[in-house]
Structures are given as C-alpha cells and as structure tokens.
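Novice: Quick one: structure below, then a few questions.
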C-alpha cells in the first residue's frame, strides 16, 4: 500500500502540494488527474524519494520513505517501476540494453537470465524481436511500450506511469491503456497513473483522484468521478473553458 499523508512541497515561492493526502490500495490502478502544472508528477516522485516533502509523510508497505537508509531506499526502488512521460530511452543503446539496464544494475541475474527476462518483458508489451533495434527506429507508441517493458523487467510490485498516452494518437493510446490493464490483471501490479486524458483515465482506472490547489479535490470510483457534482471536477472532466453560472455556488462551497 502507498500512502501520502498531508504532503507539502514548494519550489521557492511556488507552492505545489499543500496537504496532499492519498492512499493507493494494493491491486488497484489509481489515476491522478488535474490541470497541467498542478503537481501531479511532483506528487508521485515522492513515492520513490526522487523528491522529499517539505512536510508530511510518504509510506510504502509500512515503511516511511523519508527515513529509509540508502540500502533500504534501493530495495524500495527495486519494487517500484517508473514509466517516464517520454519513455526516457537511451538513444545510443539498443532496445535490449535499455530494457536490461535496471537488471544489470541490480546484479542479481546472470547474463542468460537477463536475456530471457528482456525477451519475456518485450513479449508482454507485444514487441517481440526488437532487442537489436534502437529507439530512433521505433515509433512514439513503440518507445512508450519499451518504457513499460523496462519497468516490468524488474518484476515490480508497483508501477508509476507519468502521462503514458501524451503525444499519441487515439489508437496507439488505446494500445497503451490495454497494456496498463494487462500489467494489473496478469502480473498483479498496483499502478499509479498521471494523466489529463479522461478517456484513458476512465479506461484504466480503478479509482480516480483530482489534484487541485495542491490537494485532492475529490477521489472516487470511475462512476463517482464521471458523475461528480463538484463544479471544479466537472469543469475538468468535461473540458469546459469556464464554469457555468449555476456552478458558482458549488465552487464557493467546495473551496
């Protein structure tokens, strides 16, 4: 289980998280939605201590992430896969080497075992026989799938997806959605997905949380968010440029 408890984070005078609290249950896919620049990626980086909170606590499987030793933090990161927004592949390395990178860093498997794990992971994302190719030879959607393969090669308990469908066409986005669902259903991976793509959020989410003004505005099931009565949530999920006049009282009551 992942728990962010009353987390605050600022960068200079810019306040990003202001009491962010969220629980992610084992086996679910939690989707965090919100406007661009509101701190969605900042929030999930705290889970693996890529960032440290100014105040508040982050817990993963009963461990306070902020108090872990270097060795304990390495052990935690070994069970948390991270799929970056733009795949973050190394252009000078083959696809096979990109996927194997984390396994080699861990140093727990032989070369033959790493090779087998790479093949299995690429097959899981429907990319067999691409190990010898390079990122520049692949489409954007294929690179995203390689990013997922690299994450699952470590056989993580959790995967953090940062804007996994950004920049992709609708068909390719649907493929990525299907892979995220496959990771949950076939591998039992607990997922945290950052997105502003509501089609994707509805497709992959077990629950959805909206980040607004540095905190969670609303969290609930897909149906609860889809039929939310909160004016701010409705404005975002419906893509309204402005709030309707009859939403103003709701907005005042919710702030």
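Just so you know, all these numbers are worked out from the coordinates, no wet-lab data involved. None of the values given here were measured: they were computed from a predicted structure. Because the Cβ atoms are built from the backbone with ideal geometry, glycine has one as well, and the counts that use them run over all protein chains shown.
Novice: Measure nothing but the geometry: give the 0 to 90° angle between the long axis through the Cα atoms of 111-124 and the longest principal axis through the Cα atoms of the chain, rounded to 10°.
Specialist: 50 degrees
Novice: Okay, moving on. Given only helices, namely DSSP H runs of n ≥ 4 each adding -39500 (n - 2.57), what is the per-residue ellipticity at 222 nm of the chain, to the nearest 500 deg cm²/dmol?
Specialist: Numbers: 10 runs with 100 residues, N = 255.
For the chain, the value works out to -11500 deg cm²/dmol.
Novice: Oh, and also: How would segment 1-93 be classified by its alpha-carbon gyration tensor: rounded, prolate or oblate, with rounded meaning a/c under 1.5 and the a/b versus b/c comparison settling the rest?
Specialist: Details: a/c = 1.37, a/b = 1.08, b/c = 1.27.
Rounded shape, in that the Cα axes give a/c under 1.5.
Novice: Give me the number: length gained by fully extending residue 106 to residue 224, i.e. 0.36 nm times residue separation minus the C-alpha to C-alpha distance, one decimal in nm.
Specialist: 38.3 nm
Novice: Roughly how many nanometres apart are two label points built 7 Å out from the Cα toward the Cβ at residue 97 and residue 119?
Specialist: A separation of 2.1 nm, rounded to one decimal place.
Novice: Taking the Cα centre of each part, how many Å lie between segment 178-203 and segment 1-64?
Specialist: Between the Cα centre of segment 178-203 and that of segment 1-64, the gap is 18 Å.
Novice: Given 0.36 nm per residue, what is the gain on full extension from residue 186 to residue 75 after removing their alpha carbon distance, in nm?
Specialist: Computed gain between residue 186 and residue 75 is 37.6 nm.
Novice: Moving on. Rank by packing, highest mean first: peptides 8-17, 114-123, with packing defined as the count of other Cβ atoms within 10 Å averaged across residues.
Specialist: 114-123, 8-17
Novice: Related question: Roughly what would the spin-label model give for residue 129 and residue 206, points 7 Å off Cα along C-beta, in nm?
Specialist: 3.7 nm
Novice: While we're here: What angle do you read, to the nearest 10 degrees and between 0 and 90, between the alpha-carbon axis of helix 140-153 and the longest principal axis of the chain?
Specialist: In the chain, helix 140-153 runs at an angle near 70 degrees to the longest axis.
Novice: A follow-up question, please. How high is the FRET efficiency from residue 63 to residue 35, r the C-beta distance, R0 25 Å, rounded to 0.05?
Specialist: For R0 = 25 Å, the calculated efficiency reads 0.20.
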